[in-house]
Amino acid sequence: MGRKRRTISKDTKLKVALEAIQEEATVQEIAAKYQVTPSMVSLWKKSLLRHDLSPFEESKKNTKTEKELEEAKDKIDFITKAYGKSQLELELLKKKMNLLD
């Protein structure tokens, strides 16, 4: 069984980057203190110095925008009203079967 990836909060990343910018400790010491790799400390520091805040934002992996979610809900509502619940379930099963082919 594989290990799960550890997620680091945006607040911790920012704290690490700020500490690295202050240069009161070495990158290796900061990395050991927060149990991250020295390369991550350097990456976060560089990102903050370039005003690139993307590493400090919450992960958007496997998430959809609110607009896409609204569109999906609207489609489901339309299908449910037009066909009924049993027809909706049938349509979903057909789509899943097509994905398996």
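Every number in this text was worked out from the coordinates using simple rules, so none of it is lab data. Note that the coordinates shown come from a computational prediction; the quantities given were computed from them, not determined experimentally. Neighbour counts run over all protein chains shown; Cβ positions are idealised from the backbone, glycine included.
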Report, in listed order, any pair from 46/67; 13/73; 67/94 with a Cα-Cα distance greater than 30 Å. 46/67; 13/73
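Packing-wise, with mean Cβ within 10 Å as the measure, how do 12-20, 35-43, 48-56, 65-73 rank, highest first? Don't jump to the answer; show the numbers that get you there.
Numbers: 12-20: 18.2, 35-43: 15.1, 48-56: 11.7, 65-73: 10.0.
Order by mean packing, descending: 12-20, 35-43, 48-56, 65-73.
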Potential extension, residue 11-residue 37 segment - 0.36 nm per residue separation minus Cα distance: 7.7 nm
